[in-house]
Number of protein chains: 2
Amino acid sequence: MNVRFKFAGMARVSQEHLDARRRQILDGAARCFARNGFHATSMQDVLKEAGLSAGAVYRYFRSKEELIRAIAEDVFGTVRAAFESAARETPPPLPDVVLGRVLGQVFLGPQAMADLDREGFPRLVLQVWAETLRDEELAATLRRGYEVVRDAWTTLVQQYQRSGLMRDDVPADHVARTLVAAVQGFIAQQALFGESGIEVLEDGLRGLMSVPGGNIG
Amino acid sequence: MNVRFKFAGMARVSQEHLDARRRQILDGAARCFARNGFHATSMQDVLKEAGLSAGAVYRYFRSKEELIRAIAEDVFGTVRAAFESAARETPPPLPDVVLGRVLGQVFLGPQAMADLDREGFPRLVLQVWAETLRDEELAATLRRGYEVVRDAWTTLVQQYQRSGLMRDDVPADHVARTLVAAVQGFIAQQALFGESGIEVLEDGLRGLMSVPGGNIG
DNA sequence: TTGTCAAGAATGAATGTTCGTTTTAAGTTT
DNA sequence: AAACTTAAAACGAACATTCATTCTTGACAA
């Protein structure tokens, strides 16, 4: 390279190389963690899966906890992006279609976690949820993201209500939370009981949408 | 000694005492595990919480794994019982009511896990899900239980369909899975975002039930 | 009732192992 | 050869589990 000044500490390898190494570690770790959880996976498991030595990995992540957090935030980001992009569609499709879009994005979407196969990702989500219960910083991050998602979905539901598509005597954010819950539950089922098509949730919502009434309360 | 019959293994303390000790260990362990997860909880944490020594605990449970499995199966049982009893109600109430019953049972129900407070139980459920991904024996148990629940709920949905309450061009078991997913997702939300009333899910379903149409497909 | 005793129940310090992390030495690139 | 990265050995801490020991219980003799 024709750089004239070389400062002490100047990187010897390109930024792309550094980024690729980081991603190589994250991908290997994600595979391990999806398989065995964070705390039953040793750093040596991660090293082997990533094909690197301890020194290498500890150059990119100061500790196992930092690695776990990086993975968890990747997962948060992927899921959150799926929820947000589906809520932004105009005009808003009916709930069954919206939830189908979310799941499509989560499982196939713009490859934040490209390296994980379709069954790996839901497993990782469950591990991240469990870890979130132990790590107040992760919990705070998740809550912040969830608030944004819930607001977007509440707005979506209010559009249904204003257009007369949905009764407006139920709080919009209760409906929003329920839709989010359906997706979360479906992800849990994918992890626990194996893969199944997105149409399961779509059909399920269509069935529910055809039930008249419900108690006024 | 002129004792005529002395059986080896003759109980020195009452069966109630043994049962109470076992429960004391399970309750302490459940509190620890709900707080910190299975693998970030040491046996010494469990011992302290239960107020017993290592030897005492290892008399009742051969290993940490055996303790984890006992806890997990308690959790499975509690959730499964809630799903089953709600599905058995005749005549079947509308979906919003049925799901409300399930949640009521899970959070307040016949105290299988009496010792855990309301926020503790959903946390424990998430930890058990995560552990289930690592333990094929737990996974098999969960799948067996889930099949029974899904069958019961499919039957319930078929009753809706036969009575004309729900369109019958969607597979009943897809609707059943969706209802179960909504409950699972709600439990996850309880653990991750804090408590909220059962009426959130009830209202949410009522809102959805009032949406007409949905694509035929 | 009271005292005795064998066996079950409980203890907690000790054990060997495994973990995350650091250090050190060899290698690679420019 | 300088600048920097990687590999591998090594370390202390923490872990699950064991075991020699002490305490407790309840049947039975008197």
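The values are calculated or read from the model by the stated rules, or taken from the named source; none is laboratory data. The shown structure was predicted, so the numbers you read here are calculated from the model rather than taken from an experiment. Cβ: placed from backbone, ideal geometry, glycine included. Neighbour counts: every protein chain shown. Accessible surface is based on the protein model in full, side chains and every heavy atom, while ligands, DNA and RNA are left aside. Shrake-Rupley method; radii C 1.70, N 1.55, O 1.52, S 1.80 Å.
Summary of values
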| quantity | calculated |
| --- | --- |
| Other copies of A:Thr90: label-to-label distances in nm, shortest first, labels 7 Å along the beta-carbon direction | 5.3 |
| Summed buried accessible area for B+A [probe radius 1.4 Å, Å², rounded to 100] | 5400 Å² |
| Charge dipole (chain B, unit charges on Cβ, about Cα centre) - positive-most of B:Ala56, B:Gly197, B:Val149 | B:Ala56 |
| Within 10 Å of each Cβ in A:193-206, the average number of Cβ atoms from other chains | 6 |
| Within the protein assembly as shown, helix-based [θ] at 222 nm, where runs of 4 or more DSSP H residues each add -39,500 (n - 2.57), nearest 500 | -22500 deg cm²/dmol |
| Sequence ranges B:14-22, B:122-130, A:86-94, A:127-135, ranked by mean other-Cβ count within 10 angstrom, highest first | B:122-130, A:127-135, A:86-94, B:14-22 |
| Between helix A:199-209 and chain A: long-axis angle, C-alpha atoms, 0 to 90°, nearest 10 | 30 degrees |
| Reach of B:Lys48 by Cα under 20 Å, taken over aspartates and glutamates that are not fewer than 8 positions away in the same chain | B:Asp19, B:Asp27, B:Glu65, B:Glu66, B:Asp115, B:Asp117 |
| Unit Cα scatterers, Debye sum, the protein assembly as shown: log10 I(q)/I(0) for q = 0.09 Å⁻¹ | -0.62 |
| Among A:Phe76, A:Leu103, A:Trp129 the positive-end extreme of the charge dipole of the stretch A:72-209 (Cβ point charges) | A:Leu103 |
| For B:Val13, label point 7 Å along C-beta direction: distances to other copies, nm | 5.9 |
| Integer Hz, Karplus 6.51/-1.76/1.60 couplings in order for the stretch B:130-145, x for Gly and Pro | 4, 5, 4, 5, 9, 10, 4, 5, 4, 4, 5, 4, 4, 5, 4, x |
| Between 0 and 90°, nearest 10: helix B:64-87 axis offset from chain B longest Cα axis | 30 degrees |
| For B:Gly164, inter-copy label distances in nm, listed shortest first [label point 7 Å out on the Cα-Cβ vector] | 2.5 |
| Largest-first ellipsoid semi-axes for the stretch A:111-217, taking √(5λ) over the Cα gyration tensor eigenvalues, angstrom | 29, 19, 12 |
| Reduction of at least 30 Å² in accessible surface, 1.4 Å probe, comparing all protein chains with the chain by itself, residues of the stretch A:128-144 | A:Trp129, A:Ala130, A:Leu133, A:Arg134, A:Leu142, A:Arg143 |
